[in-house]
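Taking it in order: structure first as structure tokens, then the write-up.
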Amino acid sequence: MKPPRTPHSVEMTIDQLAARVGMTVRNVRAYASRGLIPAPRLVGRTGYYTEQHAARLQLVRDLVDRGYTLGAVEKALADKPHVADSHALDLLTLLNDPLGTVVEPERIGVDELSRLAGVEHDDAFVDQLVQIGLVQREDDRTLLLLRPVLVRAGAQALALGLSRTRVLGLFDDVTAAMSGVAQSFVSAFIDDVWHPFLEEGMPEERWPEITSRIESILPVVSQAALASFRHELTAAIEHALGEELGTLTGEQIDRLLGG
């Protein structure tokens, strides 16, 4: 009786491997020559590769796409040979799309963006948006919104009457505050979950649990941050309104009450 086939038992030639991972044969050979993938099983002069090789190539490609040099990738793989490529890919997948809701960049005309914001088009303001990484210019009349949800929220803030300078300042404030929250949660997770896992030697049977926890903590943090922000915003509005009402003259209060 033949043993059951496993993903690693499905073999392919180098051409099939390249097609499998969406790379050129030339790049596959280049990575192989640096020892970034294991040697294939040779039959005569033909090498046969498995899904293990495909996972390793996908990992290398993802790391290179993230800006790592091949030398750095080579060192990382040599330093952590006990970490399965599939687990590393699972982690990279989570990093690429942590909430499962990737928002694609959006093209929009400069006139349309101005209309959404209720303001006249201002090239200097667009240049500021480009500088802080929110948009890219495609041509004189078209923009690529790199973070469309945030840009549209900023446009709505302008439409509410906030100044351009104020909106940019609020972007800096929100980014700094959210960065602090994110760092706190990540540090807590690393200390309480990841480091104990490392100390256990990263047992194979616990990898699904760890990746599931990483995936689960992201929406938890988002919900906590949103709930806290809503509470603080409500309190801030109530406090500000109380102070402003306390400064009103009798005539202004009459007008407020419809008198």
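Annotations for the structure displayed:
- Nonlocal amide H pairs with residue 135, under 5 Å, H built at 1.01 Å: 130, 146
- Phi-derived couplings, Karplus 6.51 cos²θ - 1.76 cosθ + 1.60 at θ = phi - 60°, listed residue by residue for region 44-57: x, 9, 9, x, 10, 10, 10, 5, 4, 5, 4, 5, 5, 5 Hz, with x used for Gly and Pro.
- Close amide H contacts of residue 49 (hydrogens built in the peptide plane, cut-off under 5 Å, sequence separation of 5 or more or a different chain): 12, 13.
- Normalised contact order of the chain, rounded percent, pairs of Cα under 8 Å and 6 or more residues apart: 12
- Order of 37, 14 - criterion: other Cβ atoms within 10 Å of each residue's Cβ, fewest first: 14, 37
- The convex hull of the Cα atoms of region 134-259, projected and averaged over all directions, covers 13.4 nm².
- Environment charge at residue 31 (Cβ cut-off 12 Å; Lys +1, Arg +1, Asp -1, Glu -1): +4
- For region 207-259: span of alpha carbons on each principal axis (Å, largest first): 68, 17, 6
- Distance between region 27-45 and region 197-259 - C-alpha centres, whole angstrom: 52
- Applied to region 130-147, the Karplus parametrisation 6.51 cos²θ - 1.76 cosθ + 1.60 on θ = phi - 60° returns per-residue 3J(HN,Hα) values of 5, 5, 8, x, 8, 9, 10, 8, 9, 7, 5, 10, 10, 10, 10, 7, 6, 10 Hz, with x for Gly and Pro.
- For the chain: span of alpha carbons on each principal axis (Å, largest first): 97, 49, 36
- Sequence of 17, 134, 248, 162 once ranked by neighbouring C-beta atoms within 10 Å, starting from the fewest: 248, 162, 134, 17
- Alpha-carbon spread of region 97-162, three principal axes, descending order, Å: 36, 28, 19
Taken together, the values in this text are just the output of simple stated rules run on the coordinates, not laboratory data. No experiment lies behind these values; they were computed from the predicted model shown. Neighbour counts run over all protein chains shown; Cβ positions are idealised from the backbone, glycine included.
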